[in-house]
Amino acid sequence: MISRAEYCVIACAEAWRGDGEVLASPMGTVPGIGARLARLTFSPELLLTDGEAMLLAPDGSVEGWLPYRRHLAMVTGGRRHVMMGASQIDRYGNQNISCIGEWERPARQLLGVRGAPVNTLNNPVSYWVPRHSPRVFVDRVDLVCGVGYDRAAGARFHGLRRVVSDLGVFDFETPDRSMRLASLHPGVSVAEVRAATGFDPVVPEDVPYTRDPDEAELRLIREVLDPGGLRDREVRAA
(Lines give C-alpha, C1' and ligand atoms only; values in the text may rest on other atoms or scores of the structure.)
Protein backbone atom coordinates (compact mmCIF):
# COMPACT_ATOMS: atom_id res chain seq x y z
CA MET A 1 0.00 0.00 0.00
CA ILE A 2 1.29 3.43 -0.95
CA SER A 3 1.13 5.93 1.92
CA ARG A 4 0.00 9.56 1.69
CA ALA A 5 3.56 10.61 2.50
CA GLU A 6 4.87 8.62 -0.46
CA TYR A 7 2.42 10.33 -2.80
CA CYS A 8 3.72 13.64 -1.44
CA VAL A 9 7.30 12.57 -2.13
CA ILE A 10 6.40 11.74 -5.73
CA ALA A 11 4.54 15.04 -6.15
CA CYS A 12 7.55 16.96 -4.84
CA ALA A 13 9.97 15.02 -7.02
CA GLU A 14 7.90 15.85 -10.10
CA ALA A 15 8.49 19.56 -9.46
CA TRP A 16 12.07 19.11 -10.72
CA ARG A 17 11.21 17.02 -13.79
CA GLY A 18 12.80 18.50 -16.90
CA ASP A 19 14.78 21.17 -15.01
CA GLY A 20 18.16 19.99 -16.26
CA GLU A 21 21.33 21.17 -14.53
CA VAL A 22 19.91 23.49 -11.88
CA LEU A 23 20.51 23.70 -8.17
CA ALA A 24 17.72 22.00 -6.24
CA SER A 25 17.01 23.60 -2.86
CA PRO A 26 14.36 21.55 -1.04
CA MET A 27 13.24 22.75 2.39
CA GLY A 28 11.66 20.03 4.48
CA THR A 29 11.95 16.27 4.85
CA VAL A 30 9.53 15.27 2.09
CA PRO A 31 10.90 17.77 -0.49
CA GLY A 32 14.43 16.61 0.37
CA ILE A 33 13.52 12.99 -0.32
CA GLY A 34 11.71 14.09 -3.47
CA ALA A 35 14.71 16.00 -4.84
CA ARG A 36 17.04 13.06 -4.27
CA LEU A 37 14.50 10.71 -5.85
CA ALA A 38 14.29 12.95 -8.91
CA ARG A 39 18.10 12.97 -9.18
CA LEU A 40 18.23 9.16 -9.02
CA THR A 41 15.51 8.66 -11.63
CA PHE A 42 14.20 11.15 -14.19
CA SER A 43 16.37 14.24 -13.46
CA PRO A 44 19.96 12.93 -13.34
CA GLU A 45 21.49 16.36 -14.08
CA LEU A 46 19.99 17.93 -10.95
CA LEU A 47 22.51 19.46 -8.55
CA LEU A 48 22.11 18.80 -4.83
CA THR A 49 23.85 20.85 -2.14
CA ASP A 50 24.55 20.74 1.58
CA GLY A 51 23.27 24.31 1.85
CA GLU A 52 26.77 25.72 2.18
CA ALA A 53 29.56 25.03 -0.33
CA MET A 54 29.43 21.37 -1.29
CA LEU A 55 27.60 19.54 -4.07
CA LEU A 56 26.29 16.20 -2.87
CA ALA A 57 25.29 12.87 -4.34
CA PRO A 58 21.88 11.50 -3.30
CA ASP A 59 23.59 9.38 -0.63
CA GLY A 60 25.13 12.46 0.95
CA SER A 61 28.69 11.93 -0.29
CA VAL A 62 30.53 14.97 -1.64
CA GLU A 63 30.58 15.32 -5.43
CA GLY A 64 32.08 18.75 -5.81
CA TRP A 65 32.63 22.27 -4.55
CA LEU A 66 30.29 25.19 -5.23
CA PRO A 67 32.06 28.51 -4.59
CA TYR A 68 29.90 31.21 -3.06
CA ARG A 69 30.34 33.43 -6.13
CA ARG A 70 29.06 30.63 -8.37
CA HIS A 71 26.20 29.92 -5.98
CA LEU A 72 25.06 33.55 -6.12
CA ALA A 73 25.25 33.54 -9.91
CA MET A 74 22.95 30.51 -10.02
CA VAL A 75 20.55 31.95 -7.44
CA THR A 76 20.16 35.29 -9.21
CA GLY A 77 20.20 33.91 -12.74
CA GLY A 78 17.32 31.46 -12.78
CA ARG A 79 19.56 28.40 -12.29
CA ARG A 80 18.05 27.26 -9.00
CA HIS A 81 14.66 25.72 -8.20
CA VAL A 82 13.80 26.08 -4.53
CA MET A 83 10.89 24.41 -2.76
CA MET A 84 10.00 26.52 0.27
CA GLY A 85 7.43 26.20 3.00
CA ALA A 86 4.59 28.65 3.58
CA SER A 87 2.89 29.75 6.78
CA GLN A 88 0.35 31.46 4.52
CA ILE A 89 -0.17 31.36 0.76
CA ASP A 90 -2.88 33.01 -1.32
CA ARG A 91 -4.53 32.31 -4.66
CA TYR A 92 -1.77 34.07 -6.65
CA GLY A 93 1.08 32.39 -4.81
CA ASN A 94 2.05 35.22 -2.47
CA GLN A 95 3.72 33.55 0.50
CA ASN A 96 4.16 34.62 4.11
CA ILE A 97 6.74 33.18 6.52
CA SER A 98 7.29 36.33 8.59
CA CYS A 99 4.38 37.08 10.93
CA ILE A 100 0.70 36.52 11.61
CA GLY A 101 -1.32 39.71 11.97
CA GLU A 102 -0.33 43.27 11.23
CA TRP A 103 3.40 43.75 10.77
CA GLU A 104 3.51 46.66 13.23
CA ARG A 105 2.01 44.53 16.04
CA PRO A 106 1.96 40.89 14.95
CA ALA A 107 0.02 38.29 16.87
CA ARG A 108 2.83 35.82 16.15
CA GLN A 109 6.40 36.26 14.96
CA LEU A 110 7.63 33.63 12.51
CA LEU A 111 10.90 33.12 10.58
CA GLY A 112 11.06 36.55 8.99
CA VAL A 113 11.13 37.46 5.31
CA ARG A 114 14.60 35.93 4.84
CA GLY A 115 15.45 35.08 1.21
CA ALA A 116 11.89 34.62 -0.05
CA PRO A 117 11.71 37.78 -2.23
CA VAL A 118 15.02 37.01 -3.95
CA ASN A 119 14.07 33.36 -4.39
CA THR A 120 10.75 34.11 -6.04
CA LEU A 121 11.95 36.95 -8.27
CA ASN A 122 15.18 35.32 -9.44
CA ASN A 123 14.53 31.61 -9.85
CA PRO A 124 11.72 29.05 -10.15
CA VAL A 125 9.94 28.30 -6.88
CA SER A 126 7.58 25.63 -5.62
CA TYR A 127 5.98 25.28 -2.20
CA TRP A 128 5.45 22.43 0.23
CA VAL A 129 2.63 22.54 2.81
CA PRO A 130 2.43 19.39 4.98
CA ARG A 131 -0.81 20.48 6.70
CA HIS A 132 -3.35 21.89 4.26
CA SER A 133 -5.79 24.17 6.11
CA PRO A 134 -7.63 27.51 5.76
CA ARG A 135 -5.04 29.01 8.12
CA VAL A 136 -2.35 28.37 5.48
CA PHE A 137 -4.32 28.72 2.22
CA VAL A 138 -5.70 32.21 2.85
CA ASP A 139 -7.55 34.82 0.81
CA ARG A 140 -4.84 37.38 1.57
CA VAL A 141 -1.47 36.90 3.26
CA ASP A 142 -0.69 39.12 6.24
CA LEU A 143 2.73 40.01 4.79
CA VAL A 144 4.16 39.25 1.36
CA CYS A 145 7.51 37.45 1.57
CA GLY A 146 7.51 35.23 -1.51
CA VAL A 147 6.14 37.18 -4.48
CA GLY A 148 3.05 35.90 -6.29
CA TYR A 149 1.95 36.32 -9.88
CA ASP A 150 -0.10 39.45 -9.19
CA ARG A 151 3.01 41.30 -7.98
CA ALA A 152 5.77 39.95 -10.22
CA ALA A 153 5.37 42.01 -13.40
CA GLY A 154 8.72 42.40 -15.15
CA ALA A 155 10.59 39.84 -13.05
CA ARG A 156 12.73 37.95 -15.55
CA PHE A 157 13.01 34.60 -13.78
CA HIS A 158 9.83 34.55 -11.69
CA GLY A 159 7.86 31.33 -12.00
CA LEU A 160 5.81 29.40 -9.46
CA ARG A 161 5.86 25.79 -10.58
CA ARG A 162 3.61 24.01 -8.11
CA VAL A 163 2.27 23.87 -4.58
CA VAL A 164 2.28 20.43 -3.00
CA SER A 165 0.21 19.78 0.11
CA ASP A 166 -0.89 16.66 1.93
CA LEU A 167 -4.17 16.85 -0.02
CA GLY A 168 -2.99 17.41 -3.57
CA VAL A 169 -0.97 19.35 -6.10
CA PHE A 170 -1.76 22.87 -7.30
CA ASP A 171 -0.39 24.99 -10.13
CA PHE A 172 -1.07 28.41 -11.66
CA GLU A 173 -1.93 27.36 -15.21
CA THR A 174 -4.96 29.66 -15.48
CA PRO A 175 -5.59 32.84 -17.52
CA ASP A 176 -5.16 35.10 -14.48
CA ARG A 177 -2.43 32.95 -12.89
CA SER A 178 -4.56 32.03 -9.90
CA MET A 179 -4.18 28.70 -8.15
CA ARG A 180 -5.62 25.60 -9.80
CA LEU A 181 -6.12 22.14 -8.39
CA ALA A 182 -3.88 20.01 -10.63
CA SER A 183 -4.22 16.63 -8.92
CA LEU A 184 -5.70 15.00 -5.85
CA HIS A 185 -3.78 12.52 -3.77
CA PRO A 186 -5.68 9.20 -3.82
CA GLY A 187 -8.30 9.12 -1.08
CA VAL A 188 -8.85 12.90 -1.11
CA SER A 189 -11.99 14.53 -2.57
CA VAL A 190 -12.51 17.92 -4.17
CA ALA A 191 -14.90 18.73 -1.32
CA GLU A 192 -12.11 18.15 1.21
CA VAL A 193 -9.81 20.50 -0.68
CA ARG A 194 -12.46 23.20 -0.90
CA ALA A 195 -13.23 22.91 2.83
CA ALA A 196 -9.55 23.20 3.73
CA THR A 197 -8.84 26.23 1.50
CA GLY A 198 -9.59 29.83 2.46
CA PHE A 199 -10.35 30.86 -1.11
CA ASP A 200 -11.95 29.21 -4.13
CA PRO A 201 -9.24 27.51 -6.19
CA VAL A 202 -9.86 26.83 -9.85
CA VAL A 203 -11.11 23.24 -10.10
CA PRO A 204 -11.22 21.59 -13.55
CA GLU A 205 -14.16 19.39 -14.45
CA ASP A 206 -11.96 16.30 -14.29
CA VAL A 207 -9.21 16.34 -11.69
CA PRO A 208 -6.66 13.52 -12.00
CA TYR A 209 -5.05 11.71 -9.11
CA THR A 210 -1.40 12.17 -8.27
CA ARG A 211 0.50 9.40 -10.02
CA ASP A 212 1.60 6.26 -8.21
CA PRO A 213 5.30 5.72 -7.64
CA ASP A 214 6.53 2.74 -9.62
CA GLU A 215 8.21 -0.27 -7.97
CA ALA A 216 11.71 1.12 -8.44
CA GLU A 217 10.74 4.49 -6.96
CA LEU A 218 9.05 2.84 -3.98
CA ARG A 219 12.15 0.76 -3.31
CA LEU A 220 14.33 3.87 -3.42
CA ILE A 221 12.04 5.77 -1.06
CA ARG A 222 11.66 2.94 1.45
CA GLU A 223 15.06 1.26 1.35
CA VAL A 224 17.58 3.86 0.16
CA LEU A 225 16.42 7.44 0.73
CA ASP A 226 14.26 7.15 3.84
CA PRO A 227 14.54 3.71 5.47
CA GLY A 228 13.78 5.29 8.85
CA GLY A 229 10.37 6.54 7.70
CA LEU A 230 10.92 10.21 8.48
CA ARG A 231 8.44 11.07 5.72
CA ASP A 232 5.60 9.71 7.85
CA ARG A 233 6.43 12.11 10.67
CA GLU A 234 5.94 15.10 8.37
CA VAL A 235 2.71 13.92 6.72
CA ARG A 236 -0.24 12.72 8.77
CA ALA A 237 -1.66 9.33 7.87
CA ALA A 238 -4.64 9.31 5.52
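Only one entry of G85, G93, G115, G101 meets the criterion of being small (G, A, S) and more than 22 Å from G34 (Cβ to Cβ), and that entry is G101. Taking the conditions exactly as written (more than 23 Å from A15 (Cβ to Cβ), surrounded by fewer than 16 Cβ atoms within 10 Å (Cβ to Cβ), small (G, A, S) and at pLDDT 90 or above), does A53 satisfy them or not? So A53 does not fit the description; no.
Suppose the filter is touching a Lys or Arg at 6+ places or on another chain (Cβ under 7 Å) and within 19 Å of V30 (Cβ to Cβ); does F170 pass it? Reasoning before the result, please.
Details: touching a Lys or Arg at 6+ places or on another chain (Cβ under 7 Å): yes; within 19 Å of V30 (Cβ to Cβ): yes.
Answer is yes for this residue.
Given the options G93, G20, name the one that is on the phi > 0 side of the Ramachandran plot, in contact (Cβ under 8 Å) with a residue 12 or more places away in the chain, open to solvent by 20 Å² or more (accessible area, probe 1.4 Å) and not in a helix (DSSP H, G or I).
Sole residue among the options that is on the phi > 0 side of the Ramachandran plot, in contact (Cβ under 8 Å) with a residue 12 or more places away in the chain, open to solvent by 20 Å² or more (accessible area, probe 1.4 Å) and not in a helix (DSSP H, G or I): G20.
Residues in the range 76-134 that are of a type in the set (K, R) and farther than 18 Å from A24 by Cβ: R91, R105, R108, R114, R131.
Do any residues in the range 223-238 that are touching a residue at least 60 places away in the same chain (Cβ under 8 Å) have Cβ atoms under 7 Å from those of residues that are loosely packed, with under 15 Cβ neighbours inside 10 Å, where the two are at least six apart or on different chains, and which pairs are they? Every condition considered, the pairs that remain are A238/G187. Selection within the range 96-120: residues that are farther than 20 Å from A15 by Cβ and in contact with a Cys (Cβ under 6 Å, 6 or more places away or on another chain). The member of this set that is most open to solvent (accessible area, probe 1.4 Å) is Q109.
The values are calculated or read from the model by the stated rules, or taken from the named source; none is laboratory data. Since the model is a prediction, treat every value here as computed from it, not as a measurement. As a convention, Cβ positions derive from the backbone with ideal geometry for all residues, glycine included, and neighbour counts pool all protein chains shown. To get the accessible areas, we keep the full protein, side chains included, count just its heavy atoms, and leave off ligands, DNA and RNA. Shrake-Rupley method; radii C 1.70, N 1.55, O 1.52, S 1.80 Å.
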